[in-house]
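Notes follow the structure.
Each reported figure results from applying straightforward, stated rules to the coordinates on display, with no laboratory input. None of these values were measured; they are calculated from a predicted model. Every residue, glycine as well, gets a Cβ built from its backbone with ideal geometry; the counts of neighbours run over all protein chains shown.
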Amino acid sequence: MNGEIAAILAMDGIASGAIYVLIGLGLVLIFAVTRVIFVPFGDIAAFTALSLASLETGGRPGTVGLVAVLAVLATAVEAIALARNRAFHRLPRALLFYLVLPLIPAAAVWFAAGTTLSMPLRIVLSLALVLPIAPLLDRIVFRPIADASVLLLLTVAVALHFALSGLGLMFFGPEGVRTKPLTDAVFDVAGLIVNGQMLLILAASIVFCGLLFLYFEFTIQGKALRATAVNRVGARLVGIRPTSTGTIAYLLASLLAGISGVLIAPVTTIFYDSGFLLGLKAFVGAIIGAMVSYPVTALGAVMVGLLESFTSFWLSAYKEVLVFSLLIPVLLWRSLSFAGTEEEEAEE
Amino acid sequence: MTRLQFHLVAAAGVLLLVVAPALLSPFSITLLNFIGIYALAVLGLVLLSGIGGMLSFGQAAFVGIAAYATAWLTVKAGYSPWFGLVVGVVLTGLVAAILGAVTLRLGGHFLSLSTIAWGLATYFLFGNVPMLGQYNGISEIPPIAIGGYPLSSSNSIYYLIWAFLIVSLVLSANLLDSREGRAVRALRGGQVMTESLGINPFRVKLITFVIAALLSALSGWLYAHMSRFVSPAPFDVSVGILYLLMAMVGGMATLSGAIVGAAVVTLLKNSIQDWLPVISPGASGQLEVIVFSVLFILLLQRARAGIVPFALRWLPRVQPAAPLAAGALEHRQQPERGQPILSVAGATRRFGGLVAVDNVSFEVKAGEILGLIGPNGAGKTTMFNLITGALPLNQGKIAFLGQDISRRAQRQIARAGIARTFQHVKLRKTMTLLDTVLLGTYGRTHSGFFAGVLRLDRAEEARAEAEAMRQLQRVGLADRAFELAGNLPLGNQRLLEIARALAADPALLMLDEPAAGLRSAEKADLAHLLEALRAEGLSILLVEHDMDFVMGLVDRTVVMDFGAKLCEGTPAVVRSDPRVQEAYLGGVA
């Protein structure tokens, strides 16, 4: 291996790392606010890519059906919960949030199908289409057991991933897709060919990390999210509703996942179940950050990208084996550095 | 239902299994074979996750390691399947021991995440190693032969599968009803309690993890030689979660739940495969996944206990075996009355900027009751945790029976002869009173996992039971020995903790607010008990808020305030000390 190949591999690794960064940050965000380790998170990214590809070819994305099914289910769950508490006056609001709002982008896409849309419009539509999925799943699946242990929530999340991959196959079919590149620009940096897509991925990753930082530091809503993450009961005492901060966390995180989906779609072929591995690799990064630290998570995600890129050069068949095996020494290191601080687990 | 009736029912069940091939169609027997093979792996998962509290998504990987080991050895190297069994079991045990040693120190969800990681890594390994046939797998695996007779039909391997399963079930039940098995059952819900009884939770976890992997290995070996073909797919994480679903359906915390769960899910899977194509031709594969995942989520949301615990409510309860009359366990020789037994010198503990215990020194003498009192936040419980090793000292020295215990682990201190109770009661709610107190004898008894599984521990177990009953008698709970600890009112739970501590035969008994939640008659009983223990030569260190209780009972008192020692002496001296009055009542302006 010479310097040039190493540089290309490094660039490749950083680019895919940047994508894992976005997903990893979303995972940490959701975990911090809701204590849910949202295993199906990568699926959100994959569904965005699939929707975008479908819009590009003038088709009607399967996401429309998926969102419709979830919206109806969530509305039913919410309506039953309201009826049990005899809180019928809140029904219109529930209908607006769980049925009407999620279905607006779905309806727009439904009617726009067949017409040619500009690229920015396609991207915005795909993002808007995918955004409601995670909050709707939260309402249907996680909110009824919001106070359960992290372990139980994790088990539910794993089961949810398999449900989603089944639904994904149903709504998107088994074909893989790859979208048109977002940019054709190619740069020559000191003799190295750098394509614009990679720079775009990097730039987007950096910009959204920055925005997230500003949001947490300087907005009251961001602070409310951090407060919920630190202590749910305490947050409630000062008037923050954990359910609504949860929804905001899911929306924000979905936006990050959606953007990573848009960025990865032109460089990798995406299938209905590609999200699982995407999400799990981001996870390795998140665990390096112990599921709490945003900057360390970002660093960890870039490391995963680099590892993957270099192993695919030397040992491409064992790429996945190595990435997931990496988790074990990382966990070991984590467990040593956290020795003695483990809180007493509640008995169930 | 008596024990005899229970054994008759079990024997009838086994008899039914024996005659099943004569009564059922070959297809039903094939289904029973799958149920048996799944149930073996699920049995391990029940031990590991349901009982031991370590949730694993990766059990399918262990099934796969054994299946691939035997497949490769028999097909590519021409060895006998029995050699494949030995290698499969040893290899799986080794891999599990290494993985466990690395990951089992992790808390709750991190451990479970790591099981996803190695589960996936193993799956991709199977799929990429050329020697293992990559994603095509290994086919034409020979059948198992017994005495030259090949078990190639599903009716013949049926007996082998179910014999393995029933033997595993009985051995697992033996294990849970033994010294180490009780430690496994106590793992759930934090390590401070188990450590305080002299149990090494990491060791118990590791062995449980390996046992679960070995059960998976048996399942994998049988699977490889029954289906005569292995490929990566049946060992993926998605199958790992199917095992979890089975355990959950049957009942995570019950061994028989493994068989019930495996049966229900296998039959359901079979019938779904029948009617799904009718509903949606061409899409049955993904519908099956969706149906199972949704079912799993609903179960997790609404019915976490599973079928077996639910059914047990309607079935007659099997009478517990009465403890046998047996000789006593060895007792320690208590040190001579008046000798210093515990000496704390300059103990200091900081939490960040807060000094919770600041240069505190005192002594406990053999055969006395020493009261440790002080207002809220004085540092009494921190002092307690420093002595028992639950927290490390920043400075100072603690000696017990002449040995320095300042740097020792909690369980070593417990084994040296310090037993404690907790301010917030730490009991396992689903263990009986007898089992709870038996846990206390852990440090005094020696039977290991093998002895427990093979029932070689009965003589020692009988003596431990006799001891436990004696301690229950002492605290007045003997008539409720077979009730569940969680059903006791709080006051009695505190007494139960005292019985558990006494069962460890300590030289020093440390009680953290034992009278809290007791009615006045119960307090009087407790005081009598402590006085009787003192008369026997036991030393007691008591943290308590109830001043009447403390002052009437103790020989001497140490008063702490804001982390420092205020004074010490007999109750009369302490009561008249102006500093104590100021600390408790505020300044006498």
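Measure nothing fancy, just the Cα-based angle from helix B:256-279's long axis to the longest principal axis of chain B, in degrees from 0 to 90, nearest 10. The answer is roughly 40 degrees.
Placing unit charges on C-beta atoms (Lys and Arg positive, Asp and Glu negative, everything else neutral), compute the dipole magnitude of segment B:173-304 about its Cα centre in debye, rounded to 20. If you can, show how the numbers build up before the last one.
Numbers: 10 positive and 6 negative charges, 74 e Å.
Roughly 360 debye for segment B:173-304.
Under unit Cβ charges (Lys, Arg +1; Asp, Glu -1), what dipole magnitude, rounded to 20 debye, does the protein assembly as shown have relative to its Cα centre?
Numbers: 65 positive and 57 negative charges, 179 e Å.
For this selection, approximately 860 debye.
Hydrodynamic radius of segment A:1-69 by the Kirkwood approach over all distinct alpha-carbon pairs: 14.7 Å. Relative to the dominant Cα principal axis of chain B, helix B:237-250 is inclined by about 70°.
Report the label-to-label distance for B:ALA399 and A:ALA146 in nanometres (one decimal), using points 7 Å from each Cα along the Cα→Cβ vector. For B:ALA399 paired with A:ALA146, the spin-label model returns 5.7 nm.
Coordinate range of the alpha-carbon atoms in the protein assembly as shown per principal axis, descending: 94, 83, 67 Å. Counting only residues at least eight positions apart within a chain, or on another chain, the aspartates and glutamates with an alpha carbon under 13 Å from that of A:LYS281 are A:ASP43, A:GLU308, A:GLU320.
Over segment A:70-195, what is the relative contact order in percent, taking alpha-carbon pairs closer than 8 angstrom and at least six residues apart? Spell out each step's value before the answer.
Working: 51 pairs, mean separation 28.8, N = 126.
Computed value for segment A:70-195: 23 percent relative contact order.
In summary, the aspartates and glutamates within cross-link reach of A:LYS180, defined as a Cα separation below 20 angstrom excluding same-chain residues under 8 places away, comprise A:ASP12, A:GLU56.
Of all beta bridges DSSP finds with both residues in segment B:440-589, what is the antiparallel percent, to the nearest 5?
On the way: 5 of 10 bridges.
Counting only bridges with both partners in segment B:440-589, antiparallel ones make up about 50 percent.
The alpha-carbon atoms of chain A, seen along their principal axes, cover 70, 61, 38 angstrom, with the largest extent given first.
In terms of other Cβ atoms within 10 Å, B:ASP577, A:ASP12, A:ASP138, A:ASP43 run from fewest to most in the order B:ASP577, A:ASP12, A:ASP138, A:ASP43. Taking 0.36 nm per residue of separation and subtracting the Cα-Cα distance, full extension of the segment from B:TYR159 to B:ALA11 would add 51.7 nm. Ordering A:ALA159, A:ALA190, A:SER244 by the projection of their Cα atoms onto the charge dipole of segment A:156-275, which places +1 on the Cβ of Lys and Arg and -1 on the Cβ of Asp and Glu, puts A:SER244 at the extreme positive end.
Based on the Cβ-Cβ distance of B:ALA305 and A:LEU211, what FRET efficiency does E = 1/(1 + (r/R0)^6) give at R0 = 45 Å, to the nearest 0.05? Don't skip to the answer; put the middle values down first.
On the way: r = 45 Å, r/R0 = 1.01.
It comes to 0.50.
In this structure, A:SER118 and A:ALA190 have a Cβ-Cβ separation that, at R0 = 30 Å, corresponds to a calculated FRET efficiency of about 0.30.
Hydrophobic, long helices, defined as DSSP H runs whose alpha-carbon span along the helix axis is 27 Å or greater and whose mean Kyte-Doolittle value is at least 0.5, occur in chain A at A:3-34, A:63-84, A:150-172, A:196-218, A:242-264, A:294-314, A:319-337. Summed over qualifying helices (DSSP H, 4 residues or more, each -39500 (n - 2.57)) and divided by its residue number, chain A shows a 222 nm mean residue ellipticity of -23500 deg cm²/dmol. By the gyration tensor of its Cα atoms, with a ≥ b ≥ c the square roots of the eigenvalues, what is the shape of segment B:300-406: rounded for a/c under 1.5, prolate for a/b over b/c, or oblate? Oblate shape, in that a/c is at least 1.5 and b/c is the bigger or equal ratio. Legend: Rg and Dmax of segment B:31-237, from Cα coordinates, 17.3, 54 Å. From the largest down, segment B:426-502 spans 37, 22, 20 angstrom on the principal axes of its Cα atoms.
DSSP beta bridges confined to chain B are antiparallel in about 60 percent of cases.
The ratio of the alpha-carbon radius of gyration of segment B:1-59 to the globular-protein estimate 2.2 N^0.38 Å is 1.50. Relative to the longest principal axis of the Cα atoms of chain B, the long axis of helix B:284-302 lies at roughly 20 degrees.
How much mean residue ellipticity at 222 nm does chain B get from its helices, if each DSSP H run of length 4 or more adds -39500 (n - 2.57) and you divide by all residues, to the nearest 500 deg cm²/dmol? Could the numbers behind the result be given before it?
On the way: 23 runs with 321 residues, N = 589.
One gets -17500 deg cm²/dmol as the mean residue ellipticity at 222 nm.
Annotation: lysines with alpha-carbon distance below 23 angstrom to B:LYS426 (same-chain offsets under eight excluded): B:LYS205, B:LYS380, B:LYS523. Using the alpha-carbon positions of chain B, Rg (one decimal) and Dmax (whole number) come out as 28.4, 98 Å.
List the GluC sites (Glu not before Pro) in segment B:503-589 that DSSP assigns to loop (not H, G, I, E or B) and whose Cβ has at most 14 other Cβ atoms within 10 Å. Which are they? Working shown, then result.
On the way: sites: B:GLU522, B:GLU531, B:GLU536, B:GLU544, B:GLU568, B:GLU582; in loops: B:GLU536, B:GLU544.
Those that pass, being in a loop and sparsely packed, are B:GLU536.
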